[in-house]
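Undergrad: Here it is, the structure, as structure tokens.
The values are calculated or read from the model by the stated rules, or taken from the named source; none is laboratory data. In this text, all values refer to a predicted model and were calculated from it rather than measured experimentally. A quick note on method: Cβ atoms are made from the backbone with ideal geometry, for glycine too, and the neighbour counts reach across all protein chains shown.
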Amino acid sequence: MPWHVSILCSPLQAHLVETTSKVPGYALRQLFEATKKITAEIVPKETIRVIISESLKLLNCDRISLFVYDKRIEMLVLNASNLEHPIRVRPGQGISGNVFRTKQSVNIADCYSDARFDQSFDAATGYVTRNLLAIPIVDFDGSCLGVIEAINKLGDGGKGFGQVDEILLGNLADQVSVALHNAEFYRAAIVTSERANALLQMLQSLTQGLGAQSLIFSVATHASTLVHADRCTVFLVDDRAGELISHTTDSAQEIRIPKTVGIAGECATENKLIVIDDAYEDARFDPEFDQRSGYRTHSIIAVPVKRPAAKDKACAVIQMINKKEFDDEIGKFDEEDVQVLETYAMFVATQLAQSTLVTRATRQRRIQNGQRARCWTASVRLRLFTGWACHCGKDSSKARCTFACEGGF
């Protein structure tokens, strides 16, 4: 038996001593079996799946809804037996939100006669919620981790959930708290491991002498892995041209934008971190790309990569879009993501500052300026020595001007 089961079953057993006479023996056996299965899981998705499936059997009900509070987004995330993807609920919204805030159980025999019940879900799906039992999932320190709901008792003759159901689900909720803690520890360990591996791979790639485009692609790929972002763009700052230059991770096409434009531009110009939870609520966000591509931008983080020799100036910007949670939903970038990306930016600063993309762009600009200067000089010489003006719209003059430019006159 795992350590967390053997240690944390004793409070359950002690609590059940008081209610043994009220709970049938077969129900107690089911409760202990459900407890073993639930606390034996540590993978987040599997833990939630087992909690729901075991609760359905234990309570003999039609549906189970598990609301888990996510501190990062300050929302209750609903995982239900009839849902393919989680739904998010605000604390205080509906019965589950009130149970979360008050930490008080609720047993409703007739939901439609209770003013707290939100009928909108039933109206949208056609499902009829007759009765429900909602139990808060309270941690050992008294904080509420979420709410577990049993919906529509089966074989009850229309009476709803009874006292035995309250005892069973109440004790199961204690073990659900343990299981959720274990799953969170596992998730944190996986994230730490993935970030360590990404940093190691990044350091190895930086020693391989990557080309300019490969360097940007490598930096963007590892940055996405570090914070589980859906998309990443690395912009190099070209101060002389007043531009930001980059290639996206999903396209080889070069991107050039004015240095003062958009969120990345502000990050580069002011050399400051920018974190946005909802892009469409921020006036700096330009939704034009979303409108053209059909993509939906939610959360954004832009981190300046500071020049090694001048910390008050940025040589690049790492911009991440849409934080991906473990349930594949889009979340917000948190303080931990900020710390990881700022550390990452320090690692890659030297390589990005020396990127040949900027030096190549500077060289091309010098060549173009030189060609313009030679063309202007040739035009002046034509005027002086032949009396002809250089009007590029006329064929004869254009021929002489082209000859002069290409000849270096």
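Undergrad: Exactly one of these conditions fails for Ala252: (1) modelled with pLDDT under 90; (2) under 28 Å from Asp334 (Cβ atoms); (3) part of a loop (DSSP other than H, G, I, E, B). Give me its number.
TA: Just one mismatch for Ala252, condition (2).
Undergrad: Let me ask something additional. Test Ile42 against the stated conditions and say whether it is over 20 Å from Asn152 (Cα atoms), at pLDDT below 85 and not in a helix (DSSP H, G or I).
TA: No; evaluated as a whole, the condition is false for this residue.
Undergrad: Something else: When only residues in the stretch 150-207 that are polar (S, T, N, Q) and either under 22 Å from Lys37 (Cβ atoms) or touching a His at 6+ places or on another chain (Cβ under 8 Å) (or both) count, which is surrounded by the most Cβ atoms within 10 Å (Cβ to Cβ)?
TA: Only one residue tops the list, namely Gln175.
Undergrad: Within the stretch 274-325, work out how many residues are over 30 Å from Lys71 (Cα atoms), in contact (Cβ under 8 Å) with a residue 24 or more places away in the chain and outside any loop (DSSP other than H, G, I, E, B).
TA: Total satisfying the criteria: 7.
Undergrad: Quick one: which residue in Val348, Val338, Val380, Val358 is in contact with a strand residue (DSSP E or B) (Cβ under 7 Å, 6 or more places away or on another chain) and modelled with pLDDT under 75?
TA: Among Val348, Val338, Val380, Val358, only Val358 is in contact with a strand residue (DSSP E or B) (Cβ under 7 Å, 6 or more places away or on another chain) and modelled with pLDDT under 75.
Undergrad: A further question follows. Here are some conditions: (1) at pLDDT below 85; (2) loosely packed, with under 14 Cβ neighbours inside 10 Å; (3) touching a helix residue (DSSP H, G or I) at 6+ places or on another chain (Cβ under 9 Å). Glu84 meets all but one. Which one does it not meet?
TA: Result: Glu84 passes all but (3).
Undergrad: Ok, one more. Kindly indicate whether Ser224 is modelled with pLDDT of 75 or more, on the phi < 0 side of the Ramachandran plot, part of a helix (DSSP H, G or I) and within 15 Å of the chain's Cα centre (by Cα).
TA: Yes, satisfied.
Undergrad: Being closer than 27 Å to Thr129 by Cα, assigned by TED's automatic domain parsing to the domain that holds Val147, of a type in the set (Phe, Trp, Tyr) and modelled with pLDDT of 85 or more: is that true of Tyr69 here?
TA: yes
Undergrad: May I pose another question? Is it fair to say Ser193 is outside the structural domain of Asn79 (by TED's automatic domain parsing) and within 32 Å of the chain's Cα centre (by Cα)?
TA: Taking the combined requirement at face value, the residue satisfies it.
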